[in-house]
1. So, by mean Cβ neighbours within 10 angstrom, what's the order for 91-97, 167-173 with the highest one leading?
2. After finding the eigenvalues of the alpha carbon gyration tensor for region 159-198, what semi-axes result from the square roots of 5 times each, listed largest first in whole Å?
3. 5 Å is the cut-off here: which amide hydrogens, built 1.01 Å from N in the peptide plane, fall below it relative to Phe31, excluding neighbours closer than 5 in sequence?
4. What is the order of Arg119, Arg288, fewest Cβ neighbours within 10 Å to most?
5. Could you sort the peptides 407-414, 29-36, 355-362 by per-residue average Cβ neighbour count (10 Å cutoff), highest mean leading?
6. If you rank Trp21, Trp299 by fewest surrounding Cβ atoms within 10 Å, what's the result?
7. Whole Å is fine, so just give me how far the alpha carbon centre of region 281-302 lies from that of region 347-386.
8. 5 Å is the cut-off here: which amide hydrogens, built 1.01 Å from N in the peptide plane, fall below it relative to Ile38, excluding neighbours closer than 5 in sequence?
Amino acid sequence: MSLEYELEPKLSEIDRLAMVWYTDFLRRNEFHFENGSIVADTSQLAAPTWGAPPISLEERERAMRENFLVFNDHLAVLRSRFRAFYDLDPLDYTILVGKLGGTARLAPMEGPPTSVFDRIGYADQTWMAPVDGLINEKQWSGPAATTFHQQFLFKFHGAAAQQEAYARLLGVTAQALHEGVDKAHEALLRIADTCIARLSGDHGTPGLADTMETLSITSIIAGALAFFPPLAVTAGTISLSTSILGYAASKGPTGDPYEVAEIEGYGAPEIIVSTYDAVIAVEAALGRLDKGLANCMSWDLADPTSFASPGLRLSRPNLADDQSDMGRLTVGRAPDMPLADDPVVVSIVDLYTAGYVNLAGAAGQYAEAAAKLATCVPSAPGNRYFPQSVVTFAEARDLLAGILRDTGEILTDVGSALVECANGYDLTDEQQADYLRQVELVFTPIPEEPGRTRYGPV
């Protein structure tokens, strides 16, 4: 349900009650509304008796009309301040979090991955993990095979874990913005209800202290983190124990100031002004959230244990440029062994499969992850309330997008090199024929299309 749908009837009620109060105020002062203007009830209005010069009827009417204009302006400004929040929709940030991924799941993922986080994990666990078994460096005599395992495969798994954590931290930031907007909407509704109660003469209604406390940075970030599982704190791996969580922990319940706004007064003018001040306090709370998140992400962007971690990026192995360094097989074919079981052919087919299928599939997931990340743009209405964090979020997002594109390109190049290495290996005519027969049965990953949910056989 939109904020406008819930709040607009309350604003109408505030207007009605305010005008009821002001009409009674005029009556008590022997004035009334007539054809939209304020006029005196009698021409014999009592003049002040405390020594001031007598005030004419025209002057008193003019003063009362000016007083009403000020009162009416205050009402209009209050309405506009409330309505300024209408375009600030928490659903926009829910969609952003869904694109980034990494939230806690109650059930395993079904179907193909869609979020940035899930695509990175899918590339690592589904496409790249089998390569560890497909290629066994002990079967190769050249140094490039060992390098491929130690400097590429092993580092890829570490880089993927850090990239997932990076995407998750961006998701936490987006969720914190969602929490801030959601809590702001709740606070605005509570403020409007309290204003209505005060205008109705009910001064025993509970105040806004608890409501405003929910807008503290500590409360908002804690609410955001509840949607994400904690990452293990391992050396060189980005974790949720970095700046965002650390910032909230350092503030604590007493170190995170928030404004305790209250709606005070017995007359409508005082009630309207204090209601306006309460709305301003909500804006100020979002401003503190904006500044806090911007500071967190700025720190992350420069920190080598966070977004500036060298482990986020892969280095191009020599194999990507010169597959001839892969070396020679150290396995041979035993006497009387069937051709179909020839370990040389089997190993070469595995090498071909790793490059043609697995690395290509992983590269495709990285390309899709980078494309999805490019769509992770906070909604324009939020720029008014979160101008600083939106800028730093975009900077962090673009940095990760570049890392994902680079990783995908390296996977593509290494996959092509493995295929070339397999195709160029020196085999006997008999082995070559069986090799060609087997690789014809190997399928490249099927590009994703609308409505398609499966990949081809590996």
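Quick note: the coordinates plus some simple rules give every number you see, no bench work behind them. Here the structure is a predicted model, which means the values were calculated and not measured. FYI the Cβ positions are ideal-geometry reconstructions off the backbone, even for glycines, and counts take in every protein chain you see.
1. Peptide ranking by packing, descending: 167-173, 91-97.
2. Taking √(5λ) for each eigenvalue gives 38, 4, 4 Å, largest first.
3. Close amide H contacts, sequence-distant or interchain: Asp41.
4. Numbers: Arg119 27, Arg288 18.
Ascending Cβ contact count within 10 Å gives the list Arg288, Arg119.
5. Packing proxy ranking, top to bottom: 355-362, 407-414, 29-36.
6. Placing the least packed residue first, the sequence is Trp299, Trp21.
7. 29
8. Residues meeting the criterion, in which the H sits 1.01 Å from N, do not exist here.
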